[in-house]
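Just below is one structure, and these are the notes that go with it.
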Amino acid sequence: MTLTLLLWISVLVAAALAFIGDWRYAPEVNIAGSALTFAVSLALALQVYQTGAFLAAGDFFFVDPFNVYLVVLTTFVSTTTAVFSRRYMRVERDHGRIGPIRMRFYHAMFQLFIFAMLMALLTNNLGVLWISMELATLATVLLVSLYRTPTAIEAAWKYFILCGVGIAQALFGTVLLYFAAERVLGEGGNALLWTNLNQVSGQLEPTVLRLAFVFLMVGYGTKVGLVPMHNWLPDAHSEGPTPISAVLSGLLLNVALYALVRCKALVDGSTGTHMAGNMMIGFGLLSLLVASFSMLRQKDIKRLFAYSSIEHMGIATFAFGLGGPIATFGGMLHMLVHSLTKSAVFFSVGHASQMHGTQEMARIRGLIRGNPAVGWGLLLGVMALAGMPPFGLFASEFLILTATMKQMPLLTPLLLIGLAVAFAGLFRRVQPMAAGHIPPWQKPLAAANLPVALHMVLVLLLGIYLPGFLATWFQVAVGLLK
Amino acid sequence: MSHSLVVQLNLLLAALILLSSFALLMQRRMFAILHIFAWQGFFLGVSTAIIGYASGVHHLYLSALLTLAMKVLLLPYILYKLILKLKIRREIENMVNVPATMMIGIALVIFSYHLTEPIRQLSVLMTRATLAVALATVMLGMLMMVTRSHAVSQIIGFLAMENGLFFAATSATYGMPMVVELGVALDLLIVAFIFGIFFFHINTTFDSLDVDQMAKLKETD
Amino acid sequence: MSLHPLFIELLQVALLIALAPAFAGWVKIVKCRLQGRTSPGILQPYRDIRRLFIKDVVLAQNASWIFRFTPYLIFGVTVLAGGIIPLISTDLPLADTADIIALVMLFVIIRFFTALAGMDIGTAFGGMGSSREMMVSALAEPAMLMAVFTVSLASSSTSLTRMVVVMSQGEFVIRPSLAFALMAFILVALAETGRIPVDNPDTHLELTMIHEAMILEYSGQHLALMEWAGMMKLTLFFALGIAAFVPWGIAAGGQPLALLMGAVLLILKLLLGGVIMVLIETGLAKMRIFRVPEYLGSAFLLATLGMIAFFILE
């Protein structure tokens, strides 16, 4: 019941905003809707905490510790993004970059996007998972091209085409999975339910699942932004409005990785080998290295952080591929803190680029002097991203490194190189931006400070002290993924 | 090899679908591409109906109807209207080396045949032979997207890829569960809606639908 | 009472030599009717050949033995090819000596010597015709062989008589591979016999010629033989297509009645085939020469698809 309520809220708010989206209070309605969704998701999480994993709506939905924490994360970040979006889009309106009809579209699609992600996280049916992923992509495609500039349209087109091709591969993988499942579970919708498949994974034909996983890896991997299927990501994340960049980087990548991990669990159960894990390790490491080195060449601030997203998603994929309790725990923690940090960074970046009227890093200077909240937010966010203690990312990366040294020691130097290069790349650019004198073209701004502050405090807390319930939570989730 | 007549018809339709994929790769004119795409959808729908008849899986009739409605009537109609409105009916694009593309296409067909070998050995369905054709159609659709420089052709390549996926579902498993099929159809409708909007944006901003013009976002050193 | 196989063979060859001009005449009639012109009679090609035989041969001073020898060679090889393809009966003694690949090679010999003869005198048009012909053949040969190979897959043998027997007496099976091979064969046949859309047999503009340019220098009985051989080649290509794809009705042994049936059916199929070819010719325009590689490439593609379809689907 809680679950259906959760999903219905976002759908209804989306529909409402589609009709009244340019009302004065539309951003407030957006925030209210997201906040309500967040509250309901907390209730859902509580239910899982008390009674354990459960199925709902006749096996259609499946809620276990792994996906419910992602649900809570998604609704939380969407709420804070909605808060940020209120101030940010108002400034964009004032600068004339966007009109009333598009604002309406923007708000409605925002809620629809949240709905699609929640559906993807909560559904038990792998086919519906695919449909929701596709829906989430489609909801954001037109948002990326919202500003209608040539570069925005180019980015949206690339996003549309490349993710479309990628997700088609994932569909083929799902078809193959269904083929293997049908032989064991019989025809009909039951054969696509993850819980059923997980139970009989030992009986599923290994050759078919191997082939299926290759397609699923390429398909969902494109959505995660793994190299070499990542070409759309820097463009799409840098050309859309900043709130969209924040949710794309912070949330959609997580959901795609979630889908990949669910499939990996099935394949591992069937083949009994480490093939799936090894593939994920390979792609993850490649993404980390390529993204880190690419970050050194960036001139646009949002592209820089988009590559940072690729890098961190690579680390998370690597962790899940490595397997074992420590690495999986690290991976889940990484997904959590990266979402919070990346969205906070994008909030600061958004305001920074608004203050200077450009996204070029060479033109952004003196942030701390000009607007301390934005400047410090950016600097602290980047410190967190680079993996400095005492922030949360340090904890997760430390866990992953430990697991690597235990299980695959030869890969540790590669991981360290990637992390180091990313560190250098980030600081090289951000330090001049944060420090220095105020350039003449900088404009003052009423920034949305609460979201950034909230996120950074959470990340700091998670780095220093992992609450007991969260630790047990993760451990249960890890156990389920074995 | 004593196949029943129905199975033979299905194989013939699969061959025609493969042929239409190649024809799409080679065609230069917009309307010709559109017609071939409609034919491909037609073959696909008839094939689905035949499989439904032969296997007794009755929801395939519904799938076939849906396919025919969307891929033979609705999508081509939308594209037709778009082509007329955007005034691009006479545009003939320059294509990369046609004979080389065809050779690559043949290589892809052989590759997909090889790739689906394990499934073919395991499957007990009468349609197992056509899975290779389905995967080949997917790959040829992707090849079309890669070798084309016009937005409409790229989209048709994408839709041809979706055709291949649908065909794969019917070949491997007598169709996905109805829920999934309806969801995929819905997604396809939304895709059609979105690319319609996209064409207008691209045309307005760039004054042509040549995708090669959209190459400004690069890594700058 | 069954006729001796050798007699059947001779009968078939005689039929070919005698009927080829009539077939060419039929094609001309249909074409003229379709284009709204008055057609010459069906016996006109015979009159043309007789006229040419009566005339003197005019040879250039630098013509070598190849130039003089080629018409006879071409005629002889075409007749030999006619002895291999089952026209009215499958009981042919020569069939064991040559299979379909050898048949294709016989056509290559014809083309090779024609091209040599075209270049022999040293005129510009002859050389141009020969070079174009070689380009077309370089692309058409693989396609032809691929199409032929696909057909032979269905009957697991490259012997033409074996193919015909399997096709005409086996059960009715829809084979996509044969459908593809047929399409490829039609495309290649149009190229090999020099019809539109590859080459215009009626053209008098030398710059648009391929085949005509090569035999431009011939006169008298040489030209008569070349023309006759050309008509026989056209008939043979049709007969090959009929034998490979629609051979029903062909006689299995040597009974006179069956042979008569076979002959009648063959003539009917040829008439129908002629009409179809003229429809294609009238409907299309001749392609520019640089498009011919694409055209033949697609023929090759179709034939390869047919072969792949055989392995994948059958």
query: Let a ≥ b ≥ c be the square roots of the eigenvalues of the Cα gyration tensor of the range C:41-199; is it rounded (a/c under 1.5), or, if not, prolate (a/b larger than b/c) or oblate?
result: prolate
- prompt: In what order do A:F84, A:F318, A:F469 fall by count of nearby beta-carbon atoms within 10 Å, going from fewest to most?
  reply: A:F469, A:F84, A:F318
field: Qualifying aspartates and glutamates (Cα of each under 20 Å from Cα of A:K223; at least 8 residues distant if same chain)
entry: A:E134, A:E154, A:D235, A:E239, A:E311, B:E162, B:D187
- request: Using only the Cα atoms, work out Rg/Rh for chain C, with Rh taken as the Kirkwood radius, to two decimals.
  value: 0.96
task: Rank by packing, highest mean first: peptides A:336-347, B:177-188, A:53-64, with packing defined as the count of other Cβ atoms within 10 Å averaged across residues.
output: A:336-347, B:177-188, A:53-64
message: Using a 7 Å offset from Cα along Cα-Cβ at C:V58, what residues in the range C:209-245 end up with backbone N under 19 Å from the label point?
response: C:212-227
message: Tell me the mean residue ellipticity at 222 nm calculated for chain A from its helices only (DSSP H runs of n ≥ 4, each -39500 (n - 2.57), averaged over every residue, nearest 500).
response: -26000 deg cm²/dmol
- prompt: Helix A:392-407 sits at what angle to the longest principal axis of chain A, using alpha carbons and giving 0 to 90 degrees rounded to 10?
  reply: 40 degrees
- prompt: Straight-line reach from C:K55: which aspartates and glutamates have Cα under 17 Å away, leaving out those fewer than 8 places along the same chain?
  reply: C:E217, C:E227
message: In the range A:1-156, if the dipole is taken from +1 on Lys/Arg beta carbons and -1 on Asp/Glu beta carbons about the Cα centre, which of A:L6, A:L73, A:T140 is farthest to the positive end?
response: A:T140
query: If we count other beta carbons within 10 Å of each Cβ, what is the order of A:E360, A:E182, A:E239, fewest first?
result: A:E360, A:E182, A:E239
- request: Order by neighbour count: A:D300, B:D212, fewest other Cβ atoms within 10 Å first, most last.
  value: B:D212, A:D300
task: If a/c stays under 1.5 just call it rounded; otherwise compare a/b with b/c (prolate if a/b is bigger, oblate if not). Do that for chain B, with a ≥ b ≥ c from the square roots of the Cα gyration tensor eigenvalues.
output: prolate
query: Nearest 10 degrees, 0 to 90: what angle lies between the long axis of helix A:206-224 and the longest principal axis of chain A (Cα atoms)?
result: 10 degrees
- prompt: Tilt of helix A:372-385 relative to the longest C-alpha principal axis of chain A, in degrees (0 to 90, nearest 10)?
  reply: 30 degrees
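What's the local net charge at B:A169, with K and R +1, D and E -1, over the other residues with C-beta under 12 Å away?
Summing Lys and Arg as +1 and Asp and Glu as -1 gives -3.
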task: Per DSSP H run of n ≥ 4, the term is -39500 (n - 2.57); total these for chain B, divide by its residue number, and report the mean residue ellipticity at 222 nm rounded to 500 deg cm²/dmol.
output: -25000 deg cm²/dmol
query: Hey, what's the Kirkwood Rh for the range A:69-172 if you take every pair of different alpha carbons, in angstrom?
result: 15.0 Å
statement: The summed charge of the A:L142 Cβ neighbourhood (under 13 Å; Lys/Arg +1, Asp/Glu -1) stands at +2
message: Counting only pairs 8 or more residues apart or on different chains, how many lysine pairs in the range A:274-482 have their Cα atoms under 28 Å apart?
response: 6
- prompt: Taking Cα pairs under 8 Å and at least six residues apart, what relative contact order does chain B come out at, in percent?
  reply: 22 percent
- request: Using only Cα atoms, locate the centre of the range C:77-139 and the centre of the range A:239-260, then give the distance between them in Å, rounded to an integer.
  value: 66 Å
- prompt: Can you work out the base-10 log of I(q)/I(0) for the range A:90-137 at q = 0.13, 0.26, 0.33 1/Å, using the Debye formula on its C-alpha atoms alone?
  reply: -0.42, -0.84, -1.08
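From the alpha carbon gyration tensor of the range A:274-482, can you work out the equivalent ellipsoid semi-axes (sqrt of 5 times each eigenvalue) and give them in Å, largest to smallest? Please report the intermediate quantities before stating the final value.
Numbers: eigenvalues 209, 73, 28 Å².
Values for the range A:274-482, descending: 32, 19, 12 Å.
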message: Return the equivalent ellipsoid semi-axes of the range C:1-64 as a descending list in whole Å, where each equals the square root of 5 times an eigenvalue of the C-alpha gyration tensor.
response: 29, 25, 10
- request: Please state the charge dipole magnitude for chain A, taken about the Cα centre, from unit charges on C-beta atoms (+1 on K and R, -1 on D and E), reported in debye and rounded to the nearest 20.
  value: 1300 debye
- request: Give me the lysines in straight-line cross-link reach of B:K85: C-alpha distance below 25 Å, same-chain residues under 8 apart excluded.
  value: A:K158, B:K71
field: For chain A, alpha-carbon Rg and Dmax in angstrom
entry: 21.1, 70
query: What helices in chain B pass both tests, a Cα length along the helix axis of 27 Å or more and a mean Kyte hydropathy of 0.5 or higher, using whole DSSP H runs?
result: B:5-26, B:30-55, B:151-173, B:178-206
query: For the protein assembly as shown, what class follows from the C-alpha gyration tensor (a ≥ b ≥ c being the square roots of its eigenvalues): rounded when a/c is under 1.5, otherwise prolate if a/b is larger than b/c, else oblate?
result: prolate
- request: Report, in order of residue number, the helices in chain C meeting two criteria: a C-alpha extent of 20 Å or more along the helix axis, and a mean Kyte-Doolittle hydropathy of at least -1.0; treat each whole DSSP H run as one helix.
  value: C:5-34, C:65-84, C:100-120, C:124-155, C:176-192, C:220-245, C:256-283, C:292-313
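No lab work stands behind these numbers, since they all come straight from the coordinates. Because the structure is a prediction, the values reported are computed rather than measured. All Cβ positions, even for glycine, are placed from backbone atoms using ideal geometry, and neighbour counts span all protein chains on display.
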